[in-house]
Amino acid sequence: MGLLTPLYIAGLAALSLPLVFHLIRRTPRGRESFGSLMFLAPSPPRITRRSRLDNVVLFLLRAAALTLVAVAFARPFFRDTSALDVETATGRRILLVIDDSASMRRHGIWPAALDEAENVLHQLRPNDRLAVFACAGSMRCVWAFDEQRQLPATSTAAAALRRLRTIRPGWSTSDIGGALVQASDMLDAFTDERPTTDDADRQIVLISDLQEGASLDALQSYQWPGRVRLHVHRVGPTKTTNAAPQLLVDPDQSEPGRASPRVRVVNASDSAAEQFQLRWAHGDLPIDAEPIDACVPPGESVVLSVPRPAAAAVDRLILTGDDHSFDNTYYVAADEKEPLRVTYLGADAADDRSGPRYFLELAVASHPDRATHLHAPAADQRLSFPNEQRPHLVVVTDAPPTDRVGELRQYLRNGGTVLYVLGRGATAEPVSQLMQCQGLEIEEAAVEGYVLWSEIRFAHPLFEVFSHPHFNDFTGIHFWHYRSVSIPPTDDSPPPNDDPQGVQVLARFDNGDPALLHQSVDAGNLYMLASGWHPADSQLARSSKFVPLVLNLVDLHVPRPMKNQYRVDEPVTLQASNSHAARTLVKPDGTRINVPADQPVFRDADQPGLYRLTDADADTWFAVNVSAAESRTAPLAAEDLEQYGVRLGSPVTAEAEAERQRRLVETELENRQKLWRPLIALAVAILLGETWLAGRLSRKQRETPNAGSN
Amino acid sequence: MRIKNLQWRARVVVEGFCSGLHRSPYHGFSVEFSEYRAYVAGDDPRFLDWRLYARTDRCYIKRFEDETNLRCHLVVDLSRSMGYGSLAHSKAEYARTTAATLAYYLARQRDCVGLVTFDEQVTDYLPARFRPGHLHRLIMALERALGGKKTDLTTPIEQVARTVTKRGLIVLISDLLAPIDTLRRNLGYLRSRGHEVVVMRVLDPAEVAFSFDRAAYFEDMESGRLVYVDPRDAREQYLSRFAEHEQEIQAACSALAIDYFRFSTDRPLEMALLDYLSARTRRGRRTVRRGGAQGGR
């Protein structure tokens, strides 16, 4: 016999109340004021008749009812009437999440994490359900809930542990927040055929170093399920000093391959040391140069210049002086800018601030990813465009002679881009030859005051960057002079014909004349401006629209150079290949991957180092480094998770767990037996009998008023 | 007692019975002739009866009864025990009304009335006077709230005896619920000073008959002491002690020729006063005669 809530037995103390009330000496409650007590003597207290128990049977009945109610509330049960087993009564749903991010590569952490996982798995009971996930970068299933069904109940832990020992920490970034969100969603939605007795038995066990850089942002907008609890098993290294270098991109860097790039050194806040050394290296070969000392206090970062050795090529920066080397190497790919070749055909000089060349040169020189080379051949110089020297853009501001028009036409057919500016006194003949248009007329337009651009085709890729309402206001640009271009439609083009003879009007003046035209010539593109951008013709060069317009024209038709610095797991944008042959990508560990020519993005940059993309033309190198967040290895307080609403479970001792199991069994037994029901029924019956007896005695007392009452 | 204003209450009571029922203990010069006395050297020649001298050629002094020179002091107990009342009014209200009625009555006869109120000590003292506004002051003093933690009969009487040097009437109005060990001595001291003393004992009917029937804690109104009393057990002893106490008072008064009257608060005041004045009138002349023989002013 046992009691589920033995505290209610204390209610039996109420049995003493009738006795106490009966036996208490009744004292008079009245009080009389009197003039003087000089004639009065105190009377001795008198024991009244009510101090005696008159009806023992009634008292016993009431006491029995009270006893039954108290015992029923204590919820009794018989221990030996049911063979309920702990193992069959309950079952937990455990989702084990192990962090295999780069910071777990620190010395001694991963074995400790596996030991923690082993401890958790050894505590599995046959009725528990288990899943194991690795969470670096993205959630990867190591052991699924369903796999347990195919194995004997006792061998689940061993099998899951074997599977767990096959994984190793990678180089990815921790996203603990995202992993916890996915895990809790999975656990909250998980259902199986057995009902659980306790919702709190859905638990996530997180084994991680829980370092500062682990992102928790995903938890910010997440409502943590009430029935899922998180148990954090933190693992940490014995030595905590960790620092990492990062090469900074200098936006003002005018010289590619600068001799003294700036390097930021970040020291973790729990580091014990603050003196580190930086040195350049090339491959595994050390460079014979003095290392640079960096003094970085714990929790701070310092930016310093680290000069490159002048005589040797380098491809990585190595930091020494801390306890953990996983983030000590920063790989650097060659950072030379791709050239941008522009040929200018015009008569004005480079330093003529009133001519168009001056503004064009300033605009193309501001390209962030390219080194611009502007070439202005002499008027009588013959143009030659060999493949490797072919200009990316040809700008014509003066009417070219006839033989040069033929060369431009050929350049266009080979995929070139020509921007033809109709200057003052422009004639229709060279333009007609270049565009192969019939009946094209060009004449100087008579402008009263100024004209503006209107009817701009913002859907065209050239103007797409201006399509947002914040940027599409061209009304501030005045044009004082322009050349009126008229292209008659051909007879076979269907009306309405906005693009006569294959020429698109991308913008018109507000009087309806074309302002900017575009014609596709085989693989090339010809743009024609009806007015110059220099101050003699318009305000275009001095407006905020000119530079983006020119750079967009370049980027539209010139292959974008490939970025050469990436983080681990970051998608690598591949440069389009000129040939259709497959390319080969060599990873730092020597793995070769065939990349199709049309594949735009490479998503398997899963290790730091230098990657080589071998094309038919040349090799392209790019560097992949460990995320800076992984270098912030100071431990995060587990309580920080609670700030995001995560329900943390307290560590459970073996005794507490055994006690909890015992309570569960007792609750189950009591639920099955429900002895409180007959006890309450018996109490009600006794009270009914007591009521009947009391009524009968009361009637008898009324009938014999002189007799003693109960 | 339903009239709240004490002065009006006294007036109503006074008008309920006749006035002028007492005589002055002194000889004076008023309209009522008393006697002739032969002139001796030293008498004031203003009082010679010149008409008689003209007729008989002898000098006689003519004496009259003095009706306006009664000096009465009302000594009123206003201790907390007087606040007890089993009826609608307390003993204190009854005593105040009695004192006010006497004062009003005497004032109407142009007598001088003084007042002494006390609880455990003398709280107010107004000398006996007859002047406009004096009656009002006297009644205001009577309306003072009850106080004190006990009743001390010794100190007020001693103080009256010391203060009031001229003979007169001393009326003690109290419940006399206090030890009377020194009462006899102090009353005798008053009498020895030539004062006529009247004791009016005001009692509640419940105090006389102890008509309680339920056991309760009885609280002393003066000391606040609580005593559990079952009336069924205590009544007999109470009545016995009460009677014994009253007998001692009566014996003391009788020995000192002091008029003792017991007023029960359930009896109308005018009736009680009428009884008192009637009895006093019956004995008054004899007393006056005896007092008048002791000499004039």
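Since every read-out is calculated from the coordinates, none of them should be taken as a lab result. Predicted model only: the values in this text are computed from it and were never measured. Ideal geometry is used to build each Cβ from the backbone, glycine not excepted, and the neighbour counts take in all protein chains shown.
Restricting to the protein assembly as shown, what percent of DSSP beta bridges are antiparallel, rounded to 5?
Expressed as a percentage, antiparallel bridges in the protein assembly as shown total about 55.
List the residues whose amide H sits under 5 Å from the amide H of A:Arg129, counting only those 5 or more places along or on another chain, with H placed 1.01 Å from N in the peptide plane.
Distant-sequence amide H within range of A:Arg129: A:Arg92, A:Arg93, A:Ile94.
Towards the positive end of the charge dipole of the protein assembly as shown, with charges on Cβ (+1 Lys, Arg; -1 Asp, Glu), say which of A:Gln607, A:Ala157, A:Ser33 has the farthest Cα.
The residue sitting farthest along the positive end of the dipole is A:Ser33.
Only Lys, Arg, Asp and Glu count, each charged at its Cβ (+1, +1, -1, -1), so figure out the dipole size of the range A:338-557 about its Cα centre, rounded to 20 debye.
With Lys and Arg at +1 and Asp and Glu at -1, about 500 debye.
Quick check on packing: order B:202-208, A:591-597, A:610-616 by the mean number of other C-beta atoms within 10 Å, highest mean leading.
B:202-208, A:610-616, A:591-597
What is the set of long-range amide H partners of B:Val76 at a cut-off below 5 Å, with H atoms built 1.01 Å from backbone N?
The answer is B:Val116, B:Thr117, B:Phe118, B:Ile173.
Excluding residues on the same chain fewer than 8 positions from A:Lys545, give the aspartates and glutamates whose Cα lies under 15 Å from its Cα.
Output for A:Lys545: A:Glu464, A:Asp473.
For helix A:109-122, report the angle its Cα long axis makes with the longest principal axis of the Cα atoms of chain A; keep it between 0 and 90° and round to the nearest 10°.
Orientation of helix A:109-122: about 40 degrees from the principal axis.
Rounded to the nearest 0.05, what FRET efficiency do A:Glu300 and A:Lys563 give with R0 = 25 Å and r taken as the Cβ-Cβ distance? Could you check?
My answer for the efficiency is 0.30.
Would you work out which of A:Pro391, A:Leu517, B:Leu277 lies farthest towards the positive end of the dipole of the protein assembly as shown? Charges go on Cβ: Lys and Arg +1, Asp and Glu -1.
B:Leu277
Take every DSSP beta bridge with both residues inside the range B:69-282 and express the antiparallel ones as a percent of the total, to the nearest 5.
If I count the DSSP bridges inside the range B:69-282, around 25 percent turn out antiparallel.
Over all residues in B:214-223, what is the mean tally of Cβ atoms on other chains that come within 10 Å of each residue's Cβ?
Across the residues of B:214-223, the mean count of other-chain Cβ atoms within 10 Å is 6.
Separation between the A:Gln223 and B:Glu244 pseudo-spin-labels, each 7 Å from Cα along Cα→Cβ, expressed in nm?
Roughly 9.0 nm, to one decimal.
Is the C-alpha gyration tensor of the range A:338-557 telling us rounded, prolate or oblate? Criteria: a/c under 1.5 is rounded; beyond that, a/b larger than b/c is prolate, otherwise oblate.
Details: a/c = 1.34, a/b = 1.11, b/c = 1.21.
Rounded.
Show me, for the range A:621-636, the HN-Hα J-couplings you get by feeding each phi into the Karplus relation (A = 6.51, B = -1.76, C = 1.60, θ = phi - 60°), rounded to Hz, glycine and proline as x.
The phi angles translate into 10, 9, 9, 10, 10, 5, 4, 4, 5, 5, 7, 7, 9, 4, x, 8 Hz.
If I model a spin label as a point 7 Å beyond the Cα along the Cα-Cβ vector, how far apart are those points for A:Ala349 and A:Ser544 in nm?
It works out to 3.4 nm between the two label points.
Treating only the Cβ of Lys, Arg, Asp and Glu as charged (+1, +1, -1, -1), what charge dipole size does the protein assembly as shown show about its Cα centre? Round to the nearest 20 debye.
Dipole magnitude for the protein assembly as shown comes out near 12220 debye.
Name the residue farthest towards the positive end of the dipole of chain A from the options A:Ala144, A:Leu688, A:Val431, assuming +1 on Cβ of Lys and Arg, -1 on Cβ of Asp and Glu, about the Cα centre.
Checked the options; the winner is A:Leu688.
So, with +1 on the Cβ of K and R and -1 on the Cβ of D and E, and no other charges, what is the size of the charge dipole of the range B:69-282 about its Cα centre, to the nearest 20 debye?
On the way: 29 positive and 28 negative charges, 244 e Å.
Rounded to the nearest 20 debye, it is 1180 debye.
By the gyration tensor of its Cα atoms, with a ≥ b ≥ c the square roots of the eigenvalues, what is the shape of chain A: rounded for a/c under 1.5, prolate for a/b over b/c, or oblate?
Verdict is prolate for chain A.
Return the average number of partner chain Cβ atoms within 10 angstrom of each residue Cβ along peptide B:226-233.
Neighbouring Cβ atoms belonging to other protein chains average 5 per residue here.
With r as the distance between the Cβ atoms of A:Leu362 and A:Lys239 and R0 = 56 Å, compute the FRET efficiency 1/(1 + (r/R0)^6) and round to 0.05.
Numbers: r = 55 Å, r/R0 = 0.98.
That pair, A:Lys239 with A:Leu362, gives E of 0.55.
Divide by every residue of the protein assembly as shown the summed helix terms, -39500 (n - 2.57) for each DSSP H run of at least 4, and state the resulting mean residue ellipticity at 222 nm, rounded to the nearest 500 deg cm²/dmol.
The per-residue figure over the protein assembly as shown is -8500 deg cm²/dmol.
Calculate the mean, over all residues of peptide A:231-240, of how many other protein chain Cβ atoms lie within 10 angstrom of the residue's Cβ.
0
Return one number: the angle in degrees, 0 to 90 and rounded to the nearest 10, between the long axis of the Cα atoms of helix A:402-413 and the longest principal axis of the Cα atoms of chain A.
Its long axis makes an angle of about 30 degrees.
Could you go through the range B:257-273 in sequence order and give the Karplus-derived ³J(HN,Hα) for each residue, using 6.51 cos²θ - 1.76 cosθ + 1.60 with θ = phi - 60°, rounded to whole Hz, and x for Gly and Pro?
Along the range B:257-273, the couplings run 6, 9, 6, 10, 10, 10, 9, 9, 5, 8, 9, x, 5, 5, 5, 5, 5 Hz.
So between A:Leu58 and A:Ala158, what do we pick up on full extension, going 0.36 nm a residue minus the alpha carbon distance?
29.3 nm
Ordered by residue, what ³J(HN,Hα) values in Hz, to whole numbers, does the range A:556-572 give under the Karplus form 6.51 cos²θ - 1.76 cosθ + 1.60, where θ = phi - 60° and Gly and Pro are x?
5, 10, 10, x, 6, x, 7, 6, 10, 10, 9, 9, 4, 6, 7, x, 9
Taking amide H positions as placed 1.01 Å from N in the peptide plane, with prolines and chain starts having none, which residues 5 or more places from B:Val198, or on another chain, fall under 5 Å of its amide H?
Hits under the 5 Å cutoff: B:Ile170, B:Val171, B:Leu172.
Taking a ≥ b ≥ c as the square roots of the Cα gyration tensor eigenvalues, with a/c under 1.5 meaning rounded and otherwise prolate when a/b beats b/c, else oblate, which class fits the range A:565-628?
Values: a/c = 2.12, a/b = 1.75, b/c = 1.21.
Prolate, because a/c is 1.5 or more and a/b exceeds b/c.
Could you rank the peptides B:158-169, A:345-356 by their average count of other C-beta atoms within 10 Å per residue, with the highest value first?
The most tightly packed comes first, giving B:158-169, A:345-356.
So, R0 is 56 Å and r is the distance between the beta-carbons of A:Arg603 and A:His478; what FRET efficiency does that work out to, to 0.05?
It comes out at approximately 0.70.
Tell me, in nm to one decimal, what length is gained between A:Thr591 and A:Ala334 on full extension, where the rule is 0.36 nm per residue of separation less the Cα-Cα distance?
Working: separation 257, 0.36 × 257 = 92.52 nm, distance 2.10 nm.
Contour length minus Cα-Cα distance gives 90.4 nm.
Within straight cross-link reach of B:Lys91, meaning Cα distance under 17 Å, which lysines are found once same-chain residues fewer than 8 apart are removed?
Straight-line reach from B:Lys91, under 17 Å: B:Lys4, B:Lys149, B:Lys150.
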